[in-house]
Amino acid sequence: MKVVNSLKTAKLRDKGCRVVRRRGRVYVINKKNPRFKARQG
């Protein structure tokens, strides 16, 4: 999992990416291709 400043760029890398808020942190998750996971905050 990458920790990045901008999740918008991480989201645009693949079609299946979703931005999710959990426990005050923002995550990018991708069920089809889990290598695109990222976190912010």
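Derivation of every value follows stated rules applied to the coordinates shown; laboratory data play no part. Given the structure is predicted, the values throughout are model-derived calculations rather than measurements. So basically every Cβ, Gly included, is an ideal-geometry build from the backbone, and we count neighbours across all protein chains shown.
Data for the structure
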item	result
Selection within segment 27-41 - surrounded by 14 or more Cβ atoms within 10 Å (Cβ to Cβ) and closer than 12 Å to Lys2 by Cα	Tyr27, Val28, Ile29, Phe36, Lys37, Ala38, Arg39, Gln40
Conditions (1) surrounded by 13 or more Cβ atoms within 10 Å (Cβ to Cβ); (2) touching a residue at least 24 places away in the same chain (Cβ under 8 Å); number of the one not met by Met1	(1)
